[in-house]
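The values are calculated or read from the model by the stated rules, or taken from the named source; none is laboratory data. Every value quoted in this text rests on a predicted model; they were computed, and no experiment measured them. Here Cβ is always computed from backbone atoms with ideal geometry, including for glycine, and neighbour counts include all displayed protein chains.
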Amino acid sequence: MTDLSNHTRSSRHLGARVSDFLRNYYIYFVLVAVVAVLSVANLDQFALFERGNFLNKRNIINILRVSAPLLMLAGAFTLLMVSGYIDLSVGSTMSLSAVIYALLAINGVPFLACFVLTVIAGMGLGAVNGFLVVRLKITPVIATLITLSLFKGIALLLVQDGVSAIKSIGELRMPGWFNDYGRDAVLLGLPMAFWVAVGVTLALIFAQNRTLLGKYAAATGGNPVAARLSGINTNRVVFGLYMLVGAAAALAGIARSSFMSLGDPLSGDGMELSAILVVLIGGTAFSGGEGRVLRSFVGALIIMALTVGMLTLVPAYYQTLVIGAALLAAAASNHLISRKEGMA
């Protein structure tokens, strides 16, 4: 009887270990599977990619180039959701940042100053969200829906009547360096914007694992009452995370603007859904308290690879449906995992 009991406990322990392994590493297996499937796809219909195998050098570089904005956003958005909050205005923040960056560039401001000023502007937009949520106590979904509309409206107002995006103003033209960051510049054979996204992600991984910001974000999302009672200033944590997301959205807007060679006030449309999908696929709990920056980064690569694949493999009128189905599946699996952990 004792041997049977020990065997049962051993089996349960092994099952728990397998379950933990799959929960922690499934995202990497999914990435390998997606790349394997798409490696046999015909990408001839999409001009950005050359004929032949999905995994050729040009295609990989172009995927990383178009992925850069979402990769930059994934980590900061993860930390915000780990804290139990959400930002639905990231797409509009990204669009407004793209317009600001293009306006500065076209008026002769040097690259570094354009870059820094746009990131500061993004932080300011994030601070607006933080103020609405933390100070005015408006529900995060409502507050960021308000700023989604507000920031997009400002971006549209900054673009002259009769033009869809900022390409030129009178005699002014985009400077020659404008495309370098998001499109032309490479380092070690890979796009510069991608390396910036990697650097941002590594910094946020360090912040999550080694600094008080990561610990406080998890504590705030896991049990905000207990976090406050233990001396954590949860308002300051949440306000700072909104500013961090604003800065990340500004970086994404800079990369998109540079890639497209213009400041498009609609360039970030839909980015909020992509960001939510990425963090859910990466295993971040929608209710807060759990999530990893690295898994969201990998999730962003998966989403962008699938998006590129759908351009050829799925008719255009099905693509939104596929994304919606993926979001539903991610949310459902996230809920099931959270419920199982709660019952354990």
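Computed quantities for the displayed model
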quantity: Residues satisfying the stated conditions in the stretch 286-311, i.e. modelled with pLDDT of 80 or more and in a helix (DSSP H, G or I); calculated: Val293, Leu294, Arg295, Ser296, Phe297, Val298, Gly299, Ala300, Leu301, Ile302, Ile303, Met304
quantity: Residue check, Phe178 in contact with a Leu (Cβ under 6 Å, 6 or more places away or on another chain) and either within 28 Å of Asp264 (Cα to Cα) or not in a helix (DSSP H, G or I) (or both); calculated: no
quantity: Failed criterion for Ile276 (all others in (1) under 25 Å from Arg58 (Cβ atoms); (2) modelled with pLDDT of 65 or more; (3) among the β-branched types (Val, Ile, Thr) hold); calculated: (1)
quantity: Residue match in the stretch 283-296 (condition: crowded, with 20+ Cβ neighbours inside 10 Å and under 19 Å from Ala325 (Cβ atoms)); calculated: yes
quantity: Members of the stretch 257-282 found to be assigned to a loop (DSSP other than H, G, I, E, B) and either under 11 Å from the mean Cα position of the chain (by Cα) or crowded, with 21+ Cβ neighbours inside 10 Å (or both), listed by number; calculated: Leu262, Asp264, Pro265, Ser267, Gly268, Gly282
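To keep it simple, each residue is scored yes or no on (1) at positive phi; (2) touching a strand residue (DSSP E or B) at 6+ places or on another chain (Cβ under 6 Å); (3) among the hydrophobic types (A, V, I, L, M, F, W, C).
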site	(1), (2), (3)
Tyr181	no, no, no
Asp184	no, no, no
Ala218	no, no, yes
Asn235	no, no, no
Val245	no, no, yes
Leu251	no, no, yes
Pro265	no, no, no
Val279	no, no, yes
Gly288	yes, no, no
